[in-house]
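Asks: Structure provided below as structure tokens; questions to follow.
The values are calculated or read from the model by the stated rules, or taken from the named source; none is laboratory data. As the structure is a prediction and not an experimental result, all values here were calculated from the model. All Cβ positions, glycine included, derive from the backbone under ideal geometry; neighbour counts span all protein chains shown.
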Amino acid sequence: MSSPRKHSRAIRAITSLSLGIVALSAIGWLGLGRISGSLNRTDAFAGVDNRPDKPTSAMNLLLVGSDNRAGLTKAQIRELWVGGTEVAAGARSDTMILVHISKARDSAVIISLPRDSLVTIPEHVSSLDKTKIVPARQNKLNAAFSFGGAPLLIETLEGETGLRIDHYIEINFLGFKNIIDALGGIDVCVKKDINDPKSNLVLSAGLQTLNGIDSLKYVRTRYFDGQGDIGRMKRQQEFMSAVLQKATSTGTLLNPIKLVNFFNAAIKTVTTDNDFNKNDLLTLGKQLKNLSADRVRTLTIPLSNANGRAAGVGSVVIWDSVLAPDLFNRLLNDQPIIDEVKATPSASASPTTTIVDKFKTQTASDNACLSAK
């Protein structure tokens with residue numbers, strides 16, 4: 001059995017769909033009257049200064065997977081294969097997800113932000129000594145969450161992207177497992193056999209239906225194919241598409257019991273910012289209930305070097321200096337991230353349209369294994 005320290009990685013891209021799209025769609029169908037409990041809250045924007053302007057009514061959600069094990073029993077820790085609180089004191093976040101929902105609420109872009117991204121973390125109060133001010137310096141993106149929680153992470157990302165974050169959503173290990181089980185499991189297209197003792201996951205290639213525990217292992221595994229985090233992010237994006245495909249299917253959206261179970265499972269382990277109130281949730285949920293899976297594009301932030309190094313920081317992931325700002329500018333102005341180039345070869349020929357996808361996005365229909373089911 002591998003060291004528990006190897007199992008201390010956070011929940012990945014699933015949060016963006018299961019919470020940012022699916023949960024809101026569920027609210028839109030059901031209203032809030034049949035949902036028990038109340039949302040957990042955090043002051044995610046406390047002390048966040050010099051915030052970017054927002055030229056449109058499009059919405060930007062920051063979704064974070066926390067490896068906080070608080071509240072897990074010893075049996076649940078063993079079942080989830082995540083190691084105990086002694087190997088992950090407090091809470092950390094590895095991969096963060098930025099979800100951009102268009103002002104018309106008819107399309108969405110979901111961007112994976114690698115945990116090792118090289119960023120500038122703004123000046124902040126030391127987490128170890130509250131009388132000490134730490135100057136702005138370069139570090140890995142996940143360090144912002146470790147040093148200052150949601151507020152410092154938001155301030156860091158707003159400074160790097162120029163995008164204003166409207167709301168914050170966080171989920172932990174148990175919440176992930178419960179959400180997937182409430183949806184009745186997720187179909188995934190496994191590209192090659194998986195036998196990863198570090199995540200305790202064994203799967204054969206082909207179409208597989210995963211429950212909550214196996215889904216958690218699937219989105220965390222990264223050692224079996226030699227591609228590390230890059231391979232894992234590709235699988236996570238495919239998993240996101242599979243979740244959205246399941247959640248927006250007729251069998252799920254028209255099943256009130258399944259939707260209530262889903263949201264009640266989520267609400268116990270989900271934390272949002274203080275300003276994300278019930279009226280906001282209800283309004284957004286109603287707006288999103290007709291959003292189809294093929295109108296949601298997933299991608300990883302454009303990279304120039306996935307194996308870079310920075311002095312004093314170590315191994316880092318470096319964003320593309322041309323494509324990343326282009327992507328952020330399009331989102332800032334709520335512009336399409338897919339270009340349509342029209343051309344007329346000759347006076348007698350019909351015009352042709354070429355689709356240019358320089359950000360290498362995916363939709364649910366791009367997964368042939370699932371589409372053929």
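Asks: Quick check on the stretch 248-261: of everything there that is more than 15 Å from residue 292 (Cβ to Cβ) and in contact with a Ser or Thr (Cβ under 8 Å, 6 or more places away or on another chain), which residue is modelled with the lowest pLDDT?
Replies: Going through the qualifying residues, I end up with 259.
Asks: Let me ask something additional. Test residue 161 against the criterion of being over 30 Å from residue 74 (Cβ atoms), buried (at least 21 other Cβ atoms within 10 Å of the Cβ), in contact (Cβ under 8 Å) with a residue 24 or more places away in the chain and not basic (Lys, Arg), and give yes or no.
Replies: yes
Asks: How many residues are in a loop (DSSP other than H, G, I, E, B) and within 18 Å of the chain's Cα centre (by Cα) when one looks only at the stretch 104-154?
Replies: The number of residues fulfilling the criteria is 4.
Asks: Tell me which residues, restricted to the stretch 176-197, are assigned to a strand (DSSP E or B) and touching a residue at least 24 places away in the same chain (Cβ under 8 Å). So that I can check it myself, show each step before the final result.
Replies: Within the stretch 176-197, the subset assigned to a strand (DSSP E or B) is 186-190, 194-196.
Residues satisfying the conditions are 186, 187, 188, 189, 194, 195, 196.
Asks: Could you tell me which of the residues 245, 335 is modelled with pLDDT of 95 or more, touching a helix residue (DSSP H, G or I) at 6+ places or on another chain (Cβ under 9 Å) and either among the polar types (S, T, N, Q) or buried (at least 16 other Cβ atoms within 10 Å of the Cβ) (or both)?
Replies: Only one candidate passes the filter, namely 335.
Asks: Can we say residue 134 is surrounded by fewer than 21 Cβ atoms within 10 Å (Cβ to Cβ) and aliphatic (A, V, I, L, M)?
Replies: yes
Asks: Also, quick follow-up: Could you list all residues from the stretch 290-311 that are in a loop (DSSP other than H, G, I, E, B) and surrounded by fewer than 17 Cβ atoms within 10 Å (Cβ to Cβ)? Even if it seems obvious, please write down each step before you answer.
Replies: Start the filter on the stretch 290-311 by keeping residues that are in a loop (DSSP other than H, G, I, E, B), which leaves 290-292, 301-302, 311.
290, 292, 311 - these are the residues of the stretch 290-311 that are in a loop (DSSP other than H, G, I, E, B) and surrounded by fewer than 17 Cβ atoms within 10 Å (Cβ to Cβ).
Asks: Here's another thing I want to ask about it. Starting from residues that are closer than 23 Å to residue 96 by Cα and buried (at least 19 other Cβ atoms within 10 Å of the Cβ), keep the ones in the stretch 183-200 and report whichever is modelled with the lowest pLDDT.
Replies: Step by step, filter the stretch 183-200, then rank; the result is 199.
Asks: Next question, about the same structure. Please go through (1) β-branched (Val, Ile, Thr); (2) more than 25 Å from residue 143 (Cβ to Cβ); (3) at pLDDT below 80 for residue 95 and return the number of the only condition it doesn't satisfy.
Replies: The number of the failed condition is (2).
Asks: Ok, one more. Only one residue in 107, 146 is farther than 24 Å from residue 329 by Cα, surrounded by fewer than 23 Cβ atoms within 10 Å (Cβ to Cβ) and not β-branched (Val, Ile, Thr), so which one is that?
Replies: Selected residue: 146, the only one of 107, 146 that is farther than 24 Å from residue 329 by Cα, surrounded by fewer than 23 Cβ atoms within 10 Å (Cβ to Cβ) and not β-branched (Val, Ile, Thr).
Asks: Return yes when residue 372 is exposed (fewer than 12 other Cβ atoms within 10 Å of the Cβ), under 30 Å from residue 181 (Cα atoms), among the hydrophobic types (A, V, I, L, M, F, W, C) and at pLDDT below 70 and no when it is not.
Replies: yes
Asks: In the stretch 312-332, how many are at pLDDT 95 or above and outside any strand (DSSP E or B)?
Replies: The number of residues fulfilling the criteria is 14.
Asks: Here's something else I'd like to know. Between 222, 235, which is in a helix (DSSP H, G or I) and modelled with pLDDT of 75 or more?
Replies: Just one listed residue meets the conditions, 235.
Asks: Test each condition in (1) part of a loop (DSSP other than H, G, I, E, B); (2) modelled with pLDDT under 90; (3) of a type outside the set (Ser, Thr, Tyr) for residue 75 and report the one that comes out false.
Replies: If we test residue 75 against (1) part of a loop (DSSP other than H, G, I, E, B); (2) modelled with pLDDT under 90; (3) of a type outside the set (Ser, Thr, Tyr), just (1) comes out false.
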